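The values are calculated or read from the model by the stated rules, or taken from the named source; none is laboratory data. Just so we're clear, the structure is a prediction, and the values are computed from it rather than from any experiment. Here the Cβ positions follow ideal geometry from the backbone for every residue, glycine too, while neighbour counts run over all protein chains shown.
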Amino acid sequence: MRTTPTQPATDPQATLKAGDRAPAFSLKNTGGKTVNLSDFKGRKVALYFYPKDDTPGCTKEACGFRDDFAVLKARGVEVIGVSADNQASHQKFTEKYSLPFTLLSDPDHQVMEKYGAWGEKNMYGKKVIGVLRSTFIIDEQGRIAHVFRKVKTDTHSQDVLAKLDQLGES
């Protein structure tokens, strides 16, 4: 289902939960190459959705994943960030903060809608429609192992590592 910027997503998959099959996607990375979820079959994925490149909260979150990247990689976890920003914006963000993981562009928020990461939120006291910061841990079989709907940007990568420990995936 397509939504306009004034309508929240009402896709039935917006209620994804642990055990569900992760929705397939094909999005462009910073280099313009198409990346598919199926490219990561057999590996764990931390798929995180964030509002905007180079903003304070999104930078904290991305830099946390950068700082914990070696530990995540050693555990066999691929980190993928998704926002509506274009490839050029992602490239600048990646270079500015030396981000070692993949950033994907979802300008029409189709993938965000599939994952329930697009909808109504409160921003500075106003209700707006936009990216709902969230993260999905996807297992090697392409199933969702855990969903983070409330994300604290400054500790999120550590929260992901703790959840991986709890899931016994370390």
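Taking the stretch 120-155 as the search range and keeping residues that are at pLDDT below 95 and in contact with a Ser or Thr (Cβ under 7 Å, 6 or more places away or on another chain), which one is surrounded by the fewest Cβ atoms within 10 Å (Cβ to Cβ)?
ARG149
Scan the stretch 96-116 and give yes if some residue there is basic (Lys, Arg) and at pLDDT below 95, otherwise no.
So far as the stretch 96-116 goes, no, none of its residues is basic (Lys, Arg) and at pLDDT below 95.
Kindly indicate the residue of the stretch 156-165 that is buried (at least 18 other Cβ atoms within 10 Å of the Cβ) and not hydrophobic (A, V, I, L, M, F, W, C) and also farthest from SER38 (Cα to Cα) among those meeting that condition.
That would be HIS156.
Using the structure shown, decide if VAL128 is free of Cβ contacts under 8 Å to residues at least 40 places away in the same chain, among the β-branched types (Val, Ile, Thr) and in contact with a Lys or Arg (Cβ under 8 Å, 6 or more places away or on another chain).
The answer is yes for VAL128.
Evaluate the stretch 66-74: report whether one residue or more is within 23 Å of LEU161 (Cα to Cα), in contact with a strand residue (DSSP E or B) (Cβ under 8 Å, 6 or more places away or on another chain), of a type in the set (Asp, Glu) and surrounded by 17 or more Cβ atoms within 10 Å (Cβ to Cβ).
no
Yes or no, residue by residue, for (1) over 11 Å from the mean Cα position of the chain (by Cα); (2) within 16 Å of LEU47 (Cα to Cα); (3) assigned to a strand (DSSP E or B):
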| residue | (1), (2), (3) |
| --- | --- |
| PRO100 | yes, yes, no |
| LYS127 | yes, no, yes |
| PHE136 | no, yes, yes |
| ILE144 | yes, yes, yes |
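Do the conditions hold for TYR97, that is, is it in contact with a Cys (Cβ under 7 Å, 6 or more places away or on another chain) and not β-branched (Val, Ile, Thr)?
yes
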